[in-house]
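Each remark here refers to the structure printed beneath this line.
The values are calculated or read from the model by the stated rules, or taken from the named source; none is laboratory data. Computed from a predicted structure; not experimentally measured. Ideal geometry is used to build each Cβ from the backbone, glycine not excepted, and the neighbour counts take in all protein chains shown. Remember, those area values only see protein heavy atoms, side chains included, never the ligands or the DNA or RNA. Shrake-Rupley method; radii C 1.70, N 1.55, O 1.52, S 1.80 Å.
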Amino acid sequence: MRYTVTIQETHYEQLKNHLLKEDDKERVAFVICGRGLVENEEDRFLTKELILLSDEQLLTSEKYKVSWDNNYFIKALKKAETKNFGVIVIHNHPSGFEGFSETDDIGEKGLFELAFNRNGGDRPHGSLIMMPNGSFIGRIWDKNLNTELFSLIRVIGDSFKIWYPDRMKKFETSTAFDRQKLAFGSSLVQDLSKIKCTIVGAGATGSATALLLTRLGIGELYLIDKDIVEETNLNRLHGAKKEDIGKYKVDVLKKYILEIGLGTKVNVIKDWISSKKGRDLLKLSDVVFGCTDDHSGRILLNRFAFFYLTPVIDMGLVISVNGNPPSIQDLQGRISYLYPNSDCLITKGVINPDIAYEESLQRNEPENYEKLKQEAYVVGEGNPAPAVVTFTTQIASMAVNEFLNRMQNFNPLGKRPHKIYFFHRGTEITPANLKNNECRICGSEGYWGRGDMQPFLDMVVQ
């Protein structure tokens with residue numbers, strides 16, 4: 001079991017402004033956290049609400065010490081208790097001491113003993129220390145008052161930041177990454193080796209995305225797709241050969257990635273993402289790439305990004321033609337970076353809820369679907385959409401570069417949530433976020449960081 005925490009970027013900025021002041025004094029905050037649990041794999045804290053204690057609420061605030069009335073902590077526990085949320089205590093070390101002091105050990109033990117006695121439960125709570133440079137170290141406290149370091153601490157939003165216990169230690173990398181290090185330094189290679197990415201859809205854009213991430217040095221890939229290789233898509237599937245026809249796309253892609261030999265681990269699921277295995281892989285992910293035209297799957301990913309504070313980079317390509325011989329009328333690609341404070345795919349009109357319903361019905365109630373199709377209540381399958389490998393690969397490259405930019409900030413002005421490229425016109429547009437957005441997913445903070453609940457993602461039909 002590993003323990004991680006994901007912090008909304010808006011929360012991170014509020015914590016920095018609250019904790020890091022020029023007077024070099026320790027301060028404190030409490031965080032109410034949703035949870036994401038995959039049994040025997042990972043227990044994830046998801047920041048949902050901050051409780052910042054003002055200087056007037058502190059009993060002492062010095063360079064090496066901070067204290068407060070425990071009634072404030074009890075109020076935080078009351079809020080967490082109603083939905084079985086976790087609580088994280090955060091304070092700063094103005095001196096820059098990179099570790100938990102003996103004073104921290106004694107004080108936190110008493111706090112979390114109070115937490116378990118009052119709220120009960122077996123799930124851990126946590127504590128974080130913010131360093132003067134804004135980085136974090138942290139640990140969990142279990143019900144037996146034992147501690148364990150967080151394996152990974154993420155900040156997600158406009159940017160993507162991570163910290164982990166051995167980040168500043170010497171890291172040996174393959175010479176294969178030497179020229180990449182000349183561009184971005186060795187720290188990026190180390191960071192990428194700690195990241196787990198899920199790719200939903202192993203077709204044209206998905207296979208290209210997987211290979212690009214592998215050659216960047218990503219630590220682990222989860223591939224989700226239940227389709228097999230067909231002759232009609234051989235010209236677009238990276239890594240596939242004629243002898244692979246009839247094999248599962250994810251198996252073919254996994255074999256090719258492992259043969260590259262750069263150390264990326266690969267797990268595959270031959271099922272829908274709404275399956276238990278599919279949901280668990282999503283919950284273990286640091287970043288998700290949506291490479292499917294399935295509207296039902298996109299609705300799930302769209303909600304998942306906000307519920308579990310996991311960036312979803314969704315991509316799509318539309319080619320419209322007229323006449324015979326065909327003439328290009330529209331050739332556009334789209335990249336959407338989904339996270340709290342961005343518009344979601346429904347708000348932007350990318351997802352058609354009616355089509356999503358039909359796809360879900362076809363998947364879960366095929367007999368009823370066929371009946372409704374005959375009665376013209378559902379549209380039914382359409383003709384195959386045009387696709388060209390150069391454009392699907394270009395969209396995949398743009399999506400992976402979007403992820404790199406969120407980590408490295410090499411193009412600050414290019415970090416827009418939604419981008420549409422008109423290849424036939426050589427233009428690009430970046431739709432702005434809507435004002436007064438009333439969407440339940442992206443227009444309100446109610447679901448942000450909610451994590452586990454029944455039903456999953458508060459979806460009645462999956």
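Give me a count of the residues in the stretch 237-286 that are buried (at least 20 other Cβ atoms within 10 Å of the Cβ), among the hydroxyl-bearing types (S, T, Y) and not in a loop (DSSP other than H, G, I, E, B).
Final tally of qualifying residues: 1.
Report yes if T205 is under 23 Å from N267 (Cβ atoms) and open to solvent by 10 Å² or more (accessible area, probe 1.4 Å), otherwise no.
When the stated conditions are applied, T205 passes them.
If you scan the stretch 154-206, which residues turn out to be in contact (Cβ under 8 Å) with a residue 60 or more places away in the chain and among the small types (G, A, S)?
Scanning the stretch 154-206 gives G157, S159, S174, A176, S193, G201, A202, G203, A204, G206.
Cβ-Cβ under 7 Å, sequence separation 6+ or interchain: first residue in the stretch 6-34 and free of Cβ contacts under 8 Å to residues at least 40 places away in the same chain and open to solvent by less than 60 Å² (accessible area, probe 1.4 Å), partner among the aliphatic types (A, V, I, L, M) and in a strand (DSSP E or B). Which pairs?
Hits for this filter: H11/L50; H18/A29; H18/L52.
Could you check, for the stretch 179-200, whether at least one of its residues is open to solvent by 40 Å² or more (accessible area, probe 1.4 Å) and in contact with a helix residue (DSSP H, G or I) (Cβ under 7 Å, 6 or more places away or on another chain)?
To start, the set of residues in the stretch 179-200 that are open to solvent by 40 Å² or more (accessible area, probe 1.4 Å) comprises 179, 181-184, 186-187, 193-194.
Remaining after also requiring in contact with a helix residue (DSSP H, G or I) (Cβ under 7 Å, 6 or more places away or on another chain): 181, 184.
So far as the stretch 179-200 goes, yes, one or more of its residues are open to solvent by 40 Å² or more (accessible area, probe 1.4 Å) and in contact with a helix residue (DSSP H, G or I) (Cβ under 7 Å, 6 or more places away or on another chain).
Does the stretch 17-51 hold any residues that are over 23 Å from F306 (Cβ atoms) and either out of contact with any Leu (no Cβ under 8 Å at 6 or more places or on another chain) or charged (D, E, K, R) (or both), and which are they?
Hits for the stretch 17-51 are N17, L19, L20, K21, E22, D23, D24, K25, E26, R27, E39, N40.
Considering only the stretch 212-236, state which residues are open to solvent by 20 Å² or more (accessible area, probe 1.4 Å), part of a helix (DSSP H, G or I) and touching a helix residue (DSSP H, G or I) at 6+ places or on another chain (Cβ under 8 Å).
L212, R215, L216, E231
Between K196, K226, K242, K170, which is of a type outside the set (A, V, I, L, M, F, W, C) and under 21 Å from L404 (Cβ atoms)?
On the way: K226 fails: under 21 Å from L404 (Cβ atoms); K242 fails: under 21 Å from L404 (Cβ atoms); K170 fails: under 21 Å from L404 (Cβ atoms).
That would be K196, the only listed residue that is of a type outside the set (A, V, I, L, M, F, W, C) and under 21 Å from L404 (Cβ atoms).
Considering each residue of the stretch 140-169, count those that are in a loop (DSSP other than H, G, I, E, B), open to solvent by less than 40 Å² (accessible area, probe 1.4 Å) and aliphatic (A, V, I, L, M), and give that number.
Residues flagged as in a loop (DSSP other than H, G, I, E, B), open to solvent by less than 40 Å² (accessible area, probe 1.4 Å) and aliphatic (A, V, I, L, M) within the stretch 140-169 amount to 1.
Report those helices (runs of 4 or more DSSP H) wholly inside the stretch 344-462 carrying at least 2 residues which are at pLDDT below 90 and buried (at least 16 other Cβ atoms within 10 Å of the Cβ).
On the way: elements: 353-364, 366-374, 389-408.
The helices (runs of 4 or more DSSP H) meeting that bar are 353-364, 366-374.
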